[in-house]
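Only one structure is covered here, and it is reproduced in the block below.
The values are calculated or read from the model by the stated rules, or taken from the named source; none is laboratory data. These numbers come from a predicted model, not from an experiment. We place every Cβ from the backbone using ideal geometry, glycine too, and count neighbours over all the protein chains shown. SASA here: full protein model, heavy atoms, side chains in, ligands and nucleic acids out. Shrake-Rupley method; radii C 1.70, N 1.55, O 1.52, S 1.80 Å.
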Amino acid sequence: MVRNLGQFSRFLEAVSFSHALNASKVARDTEAKRRTVAGFLEVLEDLLLVYRLEVFTRRARRRTAAHPKLFLFDAGVFRSLRQAGTLDRPQEIAGAALEGLVAQHLRAWAAYSDAGFDLHTWRTRGGLEVDFVLYGPHGFGVAEVKNTPTIRPADLRGLTAFGEDYPETRRLLLYRRERRLRRRGILCVPVDRFLTDLVPGEELDPAA
């Protein structure tokens, strides 16, 4: 499967550019055939080097996207693999790394909480998106990650739409500032404090 090292090397680079993005982007960015790309992804998944978050579709009121979101297993590995050029903005790479770091913690929290939570993403065909959806028999929460100290109205669009479709959910926006606040009924929490306080078996944000 990986004897063609040239193709596999290009594939790994494409994976790094698709970290925290649509998994189908890998097939578009690599020169390998779609079947080959699917095989490469299966190899990496079997080795626990990448994972995919499926789109949350339960009782969907809007047309949802079909393709899952792809993550490398570790944000540090992503930063090592991701090549940066003059056209790349550092904040874009840092934002993808931060989203991957939150994904790592949420996956671990869900696994060690032993409460049957599944981690998803949510994206509509109209372009609305929420980074993470945690759904299980004992809770339903969503979180959006923004690598910014300021919150713009556009940053809340996905969470607002999700709350309209699923009013029972708890909504969090994780951002880069040392202040907890509410915007349009959405709790905005410093991302570093959120990750520090994340404890298996306890609520996502007990102070919410």
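A few notes on this one:
- Using θ = phi - 60° and Karplus 6.51 cos²θ - 1.76 cosθ + 1.60, couplings along segment 45-55 (whole Hz; Gly, Pro as x): 5, 4, 8, 6, 8, 9, 8, 10, 9, 6, 6
- For V145, the residues 5 or more places off, or on other chains, whose built amide H falls under 5 Å of its own are D131, L174.
- 0 to 90° range, to nearest 10: angle between helix 5-17 axis and the chain longest Cα axis: 20
- Straight-distance crosslink candidates among lysines, where the alpha carbon sits under 26 Å from K33 and sequence neighbours closer than 8 are dropped: K25, K69
- Nearest-ten-degree value, helix 90-113 long axis tilted from longest Cα axis of the chain: 70
- Legend: calculated FRET efficiency, V77 to K33, from the Cβ-Cβ distance at R0 = 35 Å, rounded to 0.05, equals 0.85.
- The antiparallel fraction among DSSP beta bridges confined to segment 78-208 stands at about 60%.
- Three-way shape call for segment 55-158 based on the alpha-carbon gyration tensor, with the a/c threshold at 1.5: oblate
- Under 5 Å from the amide H of A20 lie the amide H atoms of L70, F71, L72, each residue being 5 or more positions distant or on a separate chain, with H modelled from the backbone and absent for Pro and chain starts.
- All aspartates and glutamates inside 15 Å of K146 as judged from Cα atoms, apart from same-chain residues fewer than 8 positions distant: E92, E99, E129, D131, D155, E178, D192
- Cα-based shape type of segment 156-208, given that a ≥ b ≥ c are square roots of the gyration tensor eigenvalues and the cut on a/c is 1.5: oblate
- Heavy-atom accessible surface of the chain: percent carbon and sulfur, 1.4 Å: 48
- Accessible surface, the chain, averaged per residue in Å² (probe 1.4 Å): 55
- Hydrodynamic radius of segment 66-123 per Kirkwood, over alpha carbon pairs, in Å: 13.0
- Amide H partners (placed H, <5 Å) of L187, local residues excluded: R171, L173
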